[in-house]
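Asks: Okay, here's the structure, questions in a sec.
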Amino acid sequence: VQWSDALRNALLDVWESTIGTSAKIRIYSGAAPANESAALSGNTLLAEWSLASDWAAAAAGGVKSLSGVPLEVTAAAAGTAAFYRIYNSGGSTCHEQGTVGTSGTDMTIDNTSIASGQTVRLTAFSKTAPG
């Protein structure tokens, strides 16, 4: 399947608008649940970013990137970062779940071994539409 950049960009922009303004990104330890709507089970919330109202740049060339990267936050707990979730601004609805690591993952952070109180830096996050 081949899609035009116009269609790819529109799909990516709808991704952001559906999640909504001022989204939250949370990083957890432990095994990721089966999908984004499955309950957490024994996972520890390690860090949370509260994003800006317009938290991602407009899609271009079929790619959409998180605005303001790198982003820093103080860790809430200690553990090994394993996956992330993106929630609406109220933190009540999870819209996405993916892998997190220092390279080759859906989201990149500077260090997956997190100590409580340390600075956690989100260094790369973008989406590429198919086609």
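Asks: Sequence-distant or interchain residues sharing an amide H contact under 5 Å with A47, placed H: which?
Replies: For A47, whose amide H was placed from the backbone, the distant partners under 5 Å are I27, A76.
Asks: Might you work out the accessible area of V14 for me, using a 1.4 Å probe with all protein chains in place, and round it to the nearest 10 Å²?
Replies: Number for this one is 80 Å².
Asks: How far apart, in nm, are the 7 Å Cα→Cβ label points at S53 and S113?
Replies: My value for the distance between the label points is 4.2 nm.
Asks: Just how far, in whole angstrom, is region 56-131 from region 1-19 if you go by their alpha carbon centroids?
Replies: If we compute the Cα centre of each part, the gap is 20 Å.
Asks: Step through the residues of region 106-111 one at a time and calculate ³J(HN,Hα) from phi using the Karplus curve (6.51 cos²θ - 1.76 cosθ + 1.60, θ = phi - 60°), rounding each to whole Hz and writing x for Gly and Pro.
Replies: Working through the residues one at a time gives 5, 10, 10, 10, 6, 7 Hz.
Asks: Per DSSP helix of 4 or more residues, -39500 (n - 2.57); summed, then divided by the residues of the chain. What does that give at 222 nm, rounded to the nearest 500?
Replies: Roughly -3500 deg cm²/dmol at 222 nm, from the helical runs in the chain.
Asks: Using amide H atoms built 1.01 Å from N in the peptide plane, name the residues 5+ places from H95, or on other chains, whose amide H lies under 5 Å from its own.
Replies: Sorted by chain and number, the residues that satisfy this are I86, Y87, N88.
Asks: Need the full-extension length gain, S92 to S67, defined as separation in residues times 0.36 nm minus the C-alpha distance. One decimal, nm.
Replies: My answer for the length gained is 6.8 nm.
Asks: Positive end of the dipole of the chain, charges at C-beta (+1 Lys, Arg; -1 Asp, Glu), about the Cα centre: which of Q118, S67, A23 has its Cα farthest in that direction?
Replies: Q118
Asks: Kindly express, to the nearest 10 degrees and within the range 0 to 90, the angle between helix 5-19's C-alpha long axis and the longest C-alpha principal axis of the chain.
Replies: Tilt of helix 5-19: around 40 degrees.
Asks: Further question on the same structure: Tell me, what % of the accessible area of the chain is carbon and sulfur with a 1.4 angstrom probe?
Replies: 50
Asks: If R₀ is 30 angstrom, what is the calculated FRET efficiency for the pair T80 and A60, using the beta carbon separation as r and rounding to 0.05?
Replies: 0.30
Asks: How high is the relative contact order of the chain, given as a whole-number percent (alpha carbon pairs under 8 Å, six or more residues apart)?
Replies: Reported as a whole number, the value is 30 percent.
Asks: Now for a separate question. Over region 13-58, what is the mean sequence separation of C-alpha contacts under 8 Å (at least six apart), divided by residue count, expressed as relative contact order in percent?
Replies: The normalised contact order for region 13-58 reaches 49 percent.
Asks: Whole-Hz ³J(HN,Hα) for each residue in region 59-73, computed from phi via Karplus 6.51 cos²θ - 1.76 cosθ + 1.60 with θ = phi - 60°, x for glycine and proline: what do you get?
Replies: So the Karplus estimates, Gly and Pro as x, are 5, 8, x, x, 10, 10, 10, 5, 6, x, 6, x, 10, 10, 8 Hz.
The values are calculated or read from the model by the stated rules, or taken from the named source; none is laboratory data. Since we're looking at a predicted model, the values are computed, not measured. Note that each Cβ is placed from the backbone with ideal geometry, even for glycine, and that neighbours are counted across all protein chains shown. When the accessible area is computed, the model is the full protein with side chains, heavy atoms only, and any ligands, DNA or RNA have been set aside. Shrake-Rupley method; radii C 1.70, N 1.55, O 1.52, S 1.80 Å.
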